[in-house]
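First the structure, in the form of structure tokens, and then the observations on it.
The values are calculated or read from the model by the stated rules, or taken from the named source; none is laboratory data. Everything numeric in this text was worked out from a predicted model, so none of it was measured. When we count neighbours, we look across all protein chains shown, and the Cβ atoms used for this are built from the backbone with ideal geometry, even at glycine. Surface areas here come from the heavy atoms of the whole protein model, side chains and all, with no ligands, DNA or RNA. Shrake-Rupley method; radii C 1.70, N 1.55, O 1.52, S 1.80 Å.
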Amino acid sequence: MVKQIIIVRKDLKISYGKFGAQVAHVFIAFLLKNDRKDIPLFDEWLKDGETKVICSARNKTNLLKAKIIAEGLGLKENKDFWIICDLCRTELKIEDYYEDGTGYTMTCIGFRPLKDDIVDKISKKFQLFRVEGDM
């Protein structure tokens with residue numbers, strides 16, 4: 001089976017709307033930054049029902065562990081996975097700054113569709129995201 005995995009920071013305590021927007025950013029990055037014919041497993045993923053797994057990271061450091069795991073598996077940033085940063089115009093506070101002075105907060109990391117064995121290697125360090133009252 002083929003799945004797409006998205007890992008969202010749990011410590012940010014974001015609203016449902018912000019959560020949905022951040023997950024959508026991952027999906028849009030995945031679709032817009034690739035030509036469909038250049039995405040391995042895309043058609044198989046569509047046939048399998050476009051399965052997505054949403055996991056939680058305890059904090060930014062924990063989220064960045066997913067990047068380290070992915071790179072260790074030979075996956076490339078901005079080709080196989082994307083780190084999503086919010087520009088903090090609504091609910092989040094700025095945690096870091098780009099070179100141009102724009103503030104941001106890292107919210108999630110998402111992957112192109114991957115085979116189960118690769119997804120399992122990434123997701124074993126993370127729990128499924130569970131909504132508990134307000135985020």
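The number of residues in the stretch 9-55 being buried (at least 18 other Cβ atoms within 10 Å of the Cβ), within 16 Å of Ile84 (Cα to Cα) and not basic (Lys, Arg) comes to 10.
Just give me the residues in the stretch 59-77 being within 13 Å of Met106 (Cβ to Cβ) and open to solvent by 50 Å² or more (accessible area, probe 1.4 Å), in sequence order.
The initial filter retains those residues of the stretch 59-77 that are within 13 Å of Met106 (Cβ to Cβ), namely 59-67, 77.
Within the stretch 59-77, Asn59, Lys60, Thr61, Leu64, Lys65, Lys67, Glu77 meet the criteria.
Which strands (runs of 3 or more DSSP E) sit wholly inside the stretch 1-119 and have at least 1 residues that are of a type in the set (S, T, N, Q)? First the steps, then the outcome.
Values: elements: 2-9, 52-57, 81-86, 103-111.
Where strands (runs of 3 or more DSSP E) fall fully within the stretch 1-119 and carry at least 1 residues being of a type in the set (S, T, N, Q), they are 2-9, 52-57, 103-111.
Enumerate the pairs (first residue in the stretch 39-61 and touching a residue at least 60 places away in the same chain (Cβ under 8 Å); second residue anywhere and assigned to a loop (DSSP other than H, G, I, E, B) and open to solvent by less than 60 Å² (accessible area, probe 1.4 Å)) with beta-carbon separation below 6 Å, excluding pairs fewer than 6 apart on the same chain, so at least 6 apart or on different chains. Listed by first residue and then by second, the contacts come to Ile39/Arg112; Leu41/Pro113; Trp45/Pro113; Ile54/Phe129; Cys55/Phe126; Cys55/Phe129; Ser56/Lys10; Ser56/Phe129.
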